[in-house]
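*Asks:* Please read through the structure below; I'll follow up with questions.
The values are calculated or read from the model by the stated rules, or taken from the named source; none is laboratory data. In this text the structure is predicted, and so the values were computed from the model without any measurement. When we count neighbours, we look across all protein chains shown, and the Cβ atoms used for this are built from the backbone with ideal geometry, even at glycine. Side chains are part of the model used for accessible areas, which takes the heavy atoms of the whole protein and leaves out ligands, DNA and RNA. Shrake-Rupley method; radii C 1.70, N 1.55, O 1.52, S 1.80 Å.
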Amino acid sequence: MTAPVYNRVALIGLGLIASSMFWAIKRGGLANEVTGYARSEATRETARRIGLCDEVCDSAADAVRDADLVVLCVPVGAMASVAADIAPHLKPGATVSDVGSVKRAVIDAVGPHLPETVHFIPAHPLAGTEHSGPESGFAELFDNRFTLLVPVDGTEPAATSQLRALWEGMGANVEEMDADHHDLVLAVTSHAPHLIAYTMVGVADDLRRVTDSEVIKYSAAGFRDFTRIAASDPTMWRDVFLNNKEATLEILGRFTEELFALQRAIRTGDGDQLFDYFTHTRAIRRGIIEAGQDTAAPDFGRSGKKT
Ligand code: NAP
């Protein structure tokens, strides 16, 4: 146990990320008190039943009052209205952060609502599962995963260091990044792959010559990974694509060109091109394992992982 990093933390939105933050904060003794708010009565009731947050409030205003850190844990498209709701109730000197998967759009949506008396430090934990809601969180979600902090111009370094200490206390490796660069990197590593997974599952579903039961019964690792990714929350992912339009379209354009090149190699029987391509991509996989961001266990170590 370390000394608390903040006295009072408020989590707005009580889904996978907020609930994982709560359990990780408790595990590390990182705050004296955590308040929470979710828009629906059903989520607030579930949170109270499972002991998620020290106090679940019936309004966002009550949850953020006196909070030293407020974290917006709602879908990207909902950030602006939540920021407008809480703005008049923020304590001067407090830090406001978020966990949204897109950064430029969140900065543009949230920033204008916040008073000058608070620090605004957007963040993005690169950790998640396909599950959502208050019961899906667990304390280990951020362990050894990256969290990217995206401080806006003029942010006080002390406020950034404090937020960094919280994320490190929750088990994350923390780095700082510029918002536009973040959105491009994430388009490559997360957003475009999700769209491809959604598409592949959609294609299998359309292919009526292969029955549903065959798709399920013979689902090999490749397709199973796609179905897991394509089971992710529809609201969250709709908002990601609507708010990271430019970078996602750029990456999808490149993806389509590569796909056509491979398609042509298959059509013309160019085995050398296919072999060289796959040799190159295999090396990238090795790099990810060496960086400690995945396991070399067969089947992606799936049986031993909560996700
Ligand atoms: P989640 O489990 O679906 O929970 C979302 C929460 O936001 C719920 O409490 C929900 O309230 C609330 N909410 C939804 N729409 C809202 C609206 N229009 N106004 C106010 N509140 C609203 O989501 P999550 O996976 O924790 O994701 C939260 C954020 O983290 C998103 O911005 C996402 O991009 C980001 N993120 C997600 C992942 C991931 O893998 N899941 C990873 C990194 C970052 P109700 O329950 O009352 O409906």
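*Asks:* Among the chymotrypsin sites (Phe, Trp or Tyr not before Pro) within segment 210-266, which fall in a DSSP loop and have no more than 15 other Cβ atoms within 10 Å of their own Cβ? Intermediate values should be presented prior to the final figure.
*Replies:* Numbers: sites: Y218, F223, F226, W237, F241, F255, F260; in loops: Y218.
Listed in order of number, the matching sites are Y218.
*Asks:* Hey, what number do you get for the chain at 222 nm if only DSSP H runs of n ≥ 4 count, each worth -39500 (n - 2.57), divided across all residues, to the nearest 500? Before the final figure, lay out each step's value.
*Replies:* On the way: 13 runs with 148 residues, N = 307.
The per-residue figure over the chain is -14500 deg cm²/dmol.
*Asks:* Solvent-accessible area of H280, probe 1.4 Å, all protein chains present, reported in Å² to the nearest ten, please.
*Replies:* The accessible area of H280 comes to roughly 120 Å².
*Asks:* Report the net charge of residues surrounding A31, where surrounding means a beta-carbon distance below 13 angstrom and charges are Lys +1, Arg +1, Asp -1, Glu -1.
*Replies:* -2
*Asks:* Counting DSSP beta bridges with both partners in segment 4-147, what percentage is antiparallel, nearest 5? Mind dumping the intermediate values first?
*Replies:* Working: 1 of 19 bridges.
Roughly 5 percent of the beta bridges in segment 4-147 run antiparallel, per DSSP.
*Asks:* Could you tell me the relative contact order of segment 166-256? Use alpha-carbon pairs under 8 Å, at least six residues apart, and round to a whole percent.
*Replies:* Values: 38 pairs, mean separation 37.9, N = 91.
Computed value for segment 166-256: 42 percent relative contact order.
*Asks:* Next question, about the same structure. Using alpha carbon centroids, what distance separates segment 23-57 and segment 105-144, in Å?
*Replies:* Computed from Cα coordinates, the inter-centre distance equals 15 Å.
*Asks:* Can you give the relative contact order of the chain as a percent, counting alpha carbon pairs under 8 Å and 6+ residues apart?
*Replies:* Values: 486 pairs, mean separation 48.7, N = 307.
Value for the chain: 16 percent.
*Asks:* Of A221, L249, P234, which is farthest along the charge dipole of segment 181-269 in the positive direction, counting Lys and Arg as +1 and Asp and Glu as -1 at C-beta?
*Replies:* A221
*Asks:* Hey, what did segment 1-69 get for relative contact order, percent, Cα under 8 Å, at least 6 apart? Walk me through the numbers on the way to the answer.
*Replies:* On the way: 115 pairs, mean separation 27.8, N = 69.
Relative contact order comes out at 40 percent.
*Asks:* Taking K and R as +1 and D and E as -1, what net charge do the other residues with C-beta under 14 Å from the C-beta of L274 add up to? Walk me through the numbers before you get to the answer.
*Replies:* On the way: positive: R264, R267, R282; negative: E258, D270, D272, D276.
Neighbourhood net charge equals -1.
*Asks:* Hey, another quick one. Restrict the search to segment 10-63; then list the chymotrypsin sites (Phe, Trp or Tyr not before Pro) that DSSP places in a loop and that have at most 10 other Cβ atoms within 10 Å of their Cβ.
*Replies:* Hits after loop and neighbour filter: nothing returned.
*Asks:* Tell me, in nm to one decimal, what length is gained between T189 and L242 on full extension, where the rule is 0.36 nm per residue of separation less the Cα-Cα distance?
*Replies:* Working it through step by step, the gained length comes to 17.4 nm.
*Asks:* Counting other Cβ atoms within 10 Å, which GluC sites (Glu not before Pro) in segment 75-144 have at most 12 and lie in a DSSP loop? Could you put the intermediate results ahead of the total?
*Replies:* Working: sites: E116, E130, E135, E140; in loops: E116, E130, E135, E140.
Passing sites in segment 75-144 are E116.
*Asks:* Under DSSP H, which helices of the chain have Cα atoms covering 24 Å or more of the helix axis and a Kyte-Doolittle average no less than -1.0?
*Replies:* Details: long enough: 245-268 (34 Å, -0.09); 271-290 (29 Å, -0.48).
Both cut-offs are met by 245-268, 271-290.
*Asks:* Ordering H89, H191 by accessible area with a probe of 1.4 Å, largest first, what comes out? Present the calculation step by step, with values, prior to reporting the outcome.
*Replies:* Details: H89 65, H191 0 Å².
Solvent-accessible surface, decreasing: H89, H191.
*Asks:* Then there's this: If you take the charge dipole of the chain about its Cα centre, with +1 on Lys and Arg Cβ and -1 on Asp and Glu Cβ, which of A31, A60, T211 is farthest toward its positive end?
*Replies:* T211
*Asks:* Testing the spin-label approximation: label points 7 Å from Cα along Cα→Cβ at A291 and F223. State their distance in nm.
*Replies:* So the two model labels end up 3.1 nm from each other.
*Asks:* For S97, S40, what's the largest-to-smallest order of accessible area, 1.4 Å probe?
*Replies:* Details: S97 0, S40 45 Å².
The most accessible residue leads, giving S40, S97.
*Asks:* Determine the dipole magnitude for segment 1-123: charges of +1 sit on the beta-carbon of Lys and Arg, -1 on that of Asp and Glu, nothing else is charged, the reference point is the Cα centre, and the result goes in debye to the nearest 20.
*Replies:* Rounded to the nearest 20 debye, it is 340 debye.
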